[in-house]
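Let me begin by presenting the structure, written as C-alpha cells, before commenting on it.
The values are calculated or read from the model by the stated rules, or taken from the named source; none is laboratory data. Quantities reported herein were computed from a predicted structural model and do not represent experimental measurements. Heads up, the Cβs are rebuilt from the backbone with ideal geometry, glycines too, and the neighbour counts pull from every protein chain shown.
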Amino acid sequence: MALSWDRFVAEVERRKPVFWLRDDDAATVTPALERLLSFAVPVALAVIPDLAEPSLFEKNVAFLQHGCDHRNRAATGEKKTEFPATEAIPDALERLRRSRERLVSMGGDKVLPVVAPPWNRMRRELAAELPRIGIRGLSGYGEAESLPGVLQVNTQVDIVAWRDGKRFIGDEEAARLAMTYVLRNQPVGWLTHHAVHDAAAWEFLERLFALRGPRWAGAAELFSYNRPAHV
Ligand SMILES: [Zn+2]
C-alpha cells in the first residue's frame, strides 16, 4: 500500500525517531562526496580499504570498513559477494585483518571496528568470527540477525533503485521502507551511494535532513550500545 510522504513526515514529527546515515563506496574525495558531507548530519562512511586514499581520512566522519577490495568473487549461481562460500574462513579473515590495518594506519580511531560488507552480504559463519580480528560490529541491510559478540546495526532504506537505472527510489518507497522501523521506535538506517545519486536523490536528501523530529545519531553511538536512548 502506498504511503504518502506527508503521512510519514507527520509520524516522524510525532515519534522523534533516531535516524542514521551510512554512505558506501568511498575511496577518494570527489565533488559528490563533498556534497554529501556538506549536510549537517553525521555520516558513517563505508570505505573500500584497499582503494582508499589518505586524503579521505582528513574528513571528520566515522569510517566503516567496506570489505577489502570490493571485488565480486561470487561463484556461478551465488549472489554478488566479496566473501564467497568457496573462500576458507581463515583466508577471508586474513584479508579483512590486513585491510583493516591499512584503514587504521590512515584513519586512526576515526575507523570504527565495524565491517559493512559490499552488497551487504557476508555469510553468518564468517561474520561470527569477526571478533577474532578485533571487529565487533557489522552493518548490512534489512532485518538484523543476532550474532554472539558482534553488534549488528543495519541500514533499511537504500535510496537507489539499482535495477532501474540507479534512479532515486521515490518518496513513497522511502517512506514505506522507513515507516516499519519508525513505528517500532527503532533506529532507521538510511543507505546512500554518493557517486551515483541523481538530482532527485540529492533533492530528497535535502528534504530528509531538514525534517523536524528525527535525531541523527553517529555510528560511534549506535555501535556502542544496542538501544539508543529514545528521545
Ligand atoms: Zn559497495
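Points to keep in mind about this one:
- For region 51-92, a residue qualifies if it is touching a His at 6+ places or on another chain (Cβ under 8 Å) and within 24 Å of G108 (Cβ to Cβ), and exactly one does: L51.
- For region 8-19, a residue qualifies if it is out of contact with any Lys or Arg (no Cβ under 8 Å at 6 or more places or on another chain) and over 18 Å from E173 (Cα atoms), and the qualifying residues are R14, R15.
- Any chance S139 is at pLDDT 95 or above and within 16 Å of the ligand (Cβ to nearest atom): yes
- Filtered by the rule that a residue be exposed (fewer than 15 other Cβ atoms within 10 Å of the Cβ), in contact (Cβ under 8 Å) with a residue 60 or more places away in the chain and of a type in the set (A, V, I, L, M), region 2-31 gives a lone residue, A2.
- Considering S105, S139, S99, the condition of being farther than 22 Å from H193 by Cβ and of a type in the set (S, T, N, Q) is satisfied by S105 alone.
- Qualifying residue in region 85-93 (condition: within 20 Å of the chain's Cα centre (by Cα) and surrounded by fewer than 17 Cβ atoms within 10 Å (Cβ to Cβ)): no
- When we screen V160, V196 for residues that are free of Cβ contacts under 8 Å to residues at least 60 places away in the same chain, out of contact with any His (no Cβ under 9 Å at 6 or more places or on another chain) and within 16 Å of the ligand (Cβ to nearest atom), the only hit is V196.
- V61 touching a residue at least 60 places away in the same chain (Cβ under 8 Å) and not small (G, A, S): no
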